[in-house]
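Notes to accompany the following structure.
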Amino acid sequence: SPYRLTSPLNSVSQRASLFLTSLGGNSRRGTAMSSSSSSGLADLAEEEEPEPPMAAYTKPILPPGWLPYNSETNASELSPKLPSTHVLSLAAYLRWRREVQCEPDVTVATCMADLATIEPSTGNRGISTHAFARFLFSAENDVMDPLKHELYQDMTQPLSHYWCASSHNTYLEGDQLRSFSSVNRYIADLHKGCRCVELDCWDGEDGEPIIYHGHTLTSKISYHDVIVAIRDHAFKTSAYPVILSLENHCSIPVQRKMAAYLRGILGDLLYIPTDMVKGEMLPSPDALKYKVVVKGKKLKLQRVSVRPGTALNASGVPGAEVSGGEA
């Protein structure tokens, strides 16, 4: 079963750009990242400099005369006299393996084979920033014991007895204030094995439910489209249940639409529990295979004061006259 944490790829890619800059090693040394940075690569810089401004995290550092790089660039066009900050060289990759990954015995031949595998279009000369970021998330760089990829745990215990790979603010492609929201974030995280995704639900202007980080400048996406994506991609990686963590800010009419979309789009994939007795154990992951489980707060039942002699009908609305007091 999947037990891997996820995080937006673009932020890693941006920081990988800074990492590649710090390993430039030719006519100009790039800006070093601080030791508090998540990449943990500041110790590779020869001279430690102040932490770069926030703009450096969103705009690649490209010294004058250095070539930009993309996946369609022919490797022969990259002049050795003008190295690009967007390309991680063989020498820099070797340093990263030995000094950062603490593999002092790794050989040049091994690194050349790695580079040729990670990005075949550049041979073994180097890899792009994006290819390096993909490699960081790949199985080849996974700290998990490969033997543990095969299911060996007892999956028949109650669901609450397990940890699972979870995603917070799944819809965001970047920061939590101004970044874009995207349905693709749900697809990507589900394909990585994530089993719990978050949906921050709000009323849209047209009366439809939307998802975004409320009271911020992040963009909005359709709740309907997210549910369709979850239906199509929930079980591509694992058969174990996907949990929808609903942060629900919607009005009652919009909540009814949300429920209708869940039932109509997910169909038999939607897990609909029976009335559970307080203290009763939850179903097991095995029992919930290929099921989507909704997690959210229920509306509190309100006490309604009625006149003596008024009964409540089957819908809970004051109706026929009977003897009584407060319902």
* To do: State which entries of 148/297; 236/300; 192/300; 236/295; 148/298 exceed 31 angstrom in Cα-Cα distance in the structure shown.
  => 148/297; 236/300; 192/300; 148/298
* **Dipole magnitude of region 128-205, debye to nearest 20 (Cβ charges: Lys/Arg +1, Asp/Glu -1, about Cα centre)** => 180 debye
* Per-pair calculated FRET efficiency, R0 = 30 Å: residue 149 and residue 203 via Cβ, rounded to 0.05 -> 0.10
* To do: Provide the FRET efficiency to the nearest 0.05 for the residue 107-residue 300 pair, computing r from the beta carbons and using R0 = 51 Å.
  => 0.20
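No value in this document is a laboratory result; all are computed from the given coordinates. Quick caveat: nothing in here was measured; it's all calculated off a predicted structure. Don't worry about glycine lacking a Cβ; one is built from the backbone with ideal geometry, like all the others, and counts go over all protein chains shown.
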